[in-house]
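This report refers to the structure that appears directly beneath it.
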Amino acid sequence: MGKSSKDKRDAYYRLAKEEGWRARSAYKLLQLDEEFNLFENVTRVVDLCAAPGSWSQVLSRVLIKGEKFGRAGWVEKQKDVRDYVYGAGKSKKEEEKTQDANISIEQDVSEKLHINDPDTDTDTEAAQPDPPTKTTQPKNRAVKIVAIDLQPMSPLPGVTTLRADITHPSTIPLLLSALDPSPSPPPSS
C-alpha cells in the first residue's frame, strides 16, 4: 500500500508550515545568507518566478523588518536575555528607578489581587516578566523588493508584487518603475 502525498513530505516541509513560511525553500535562502552573508548592504532585490513567495517572505522579514535567523538570531537573542538578566547598559540611577517602579507596580498588583490577604490561598510571589525574545530591529534603509510571477501571490509587507511574464519585453518598464518609482524625464529627441 503506497503512502499518500502528505505522508511523503519531508521534515522541512512540515517545519516550514509550522513556522509560517510559505515553502521550505525559505530555509535554503536562510542557509545561503548565513554562509555567504548575501543580505549585507542590499537595497534592491528582484525575485523572479516568485510564487508562492517564500524567498520574498524571507527578504521582507530580513531586509524590511530586520529580523535575524539562524546563528545570528540565536546570538542576538542570547545577548538580549543576558542584558535583561544582568541589566547591562543601565546606570545605577536608572537601575534604582526601575527597581522602585517595579516595587510600586508589585504593591499595586498585590493590593488589587489581595495577595497579602491572609484569607486567600494565592501565591505571595509576583510573577517575573518574561525576558525579551524578539530579535527584530527595523532597518532604516530604503529597501525595494519586487516579486514577479505569472501566478498570483498573496501580498507581503514591503514587497511589490507584479503579475507579469518575465520573458516579455513589456515587463522591463514595470520592473524598473517598481524599483525606482520616481518619475524619470522623457527621452529628448
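Residue count for the range 24-38 satisfying the condition of being outside any helix (DSSP H, G or I) and surrounded by fewer than 16 Cβ atoms within 10 Å (Cβ to Cβ): 2. Within the range 65-82, the residues that satisfy the criterion of being in a helix (DSSP H, G or I), open to solvent by 50 Å² or more (accessible area, probe 1.4 Å) and in contact (Cβ under 8 Å) with a residue 24 or more places away in the chain are Arg71, Ala72, Lys77.
Of the residues making up the range 83-101, one or more are at pLDDT 80 or above and exposed (fewer than 14 other Cβ atoms within 10 Å of the Cβ). I need the full set of residues from the range 7-18 which are open to solvent by 90 Å² or more (accessible area, probe 1.4 Å) and over 15 Å from Trp55 (Cβ atoms), in order please. Scanning the range 7-18 gives Asp7, Lys8, Arg14, Lys17, Glu18.
The residue that is nearest to Leu150 (Cα to Cα), counting only those in the range 39-64 that are among the charged types (D, E, K, R) and open to solvent by 70 Å² or more (accessible area, probe 1.4 Å), is Arg44. Looking only at residues of the range 27-71 that are in contact with an Asp or Glu (Cβ under 7 Å, 6 or more places away or on another chain) and among the aromatic types (Phe, Trp, Tyr), we find that the one that is nearest to Tyr13 (Cα to Cα) is Trp55.
Pairing residues of the range 37-51 that are touching a residue at least 40 places away in the same chain (Cβ under 8 Å) with residues that are surrounded by 11 or more Cβ atoms within 10 Å (Cβ to Cβ) and among the hydroxyl-bearing types (Ser, Thr, Tyr), at Cβ distances under 6 Å and at least 6 apart in sequence or on separate chains, gives Asp47/Ser56; Ala50/Ser56.
Restricting the search to the range 161-180, which residues are open to solvent by 60 Å² or more (accessible area, probe 1.4 Å) and within 16 Å of Ile145 (Cβ to Cβ)? Correct list: Arg163, Ile166, Leu174, Leu176, Ser177, Asp180.
The values are calculated or read from the model by the stated rules, or taken from the named source; none is laboratory data. Keep in mind the model is a prediction, meaning the values are calculated, not measured. All Cβ positions, glycine included, derive from the backbone under ideal geometry; neighbour counts span all protein chains shown. Areas reflect the complete protein model, heavy atoms only, side chains present, ligands, DNA and RNA absent. Shrake-Rupley method; radii C 1.70, N 1.55, O 1.52, S 1.80 Å.
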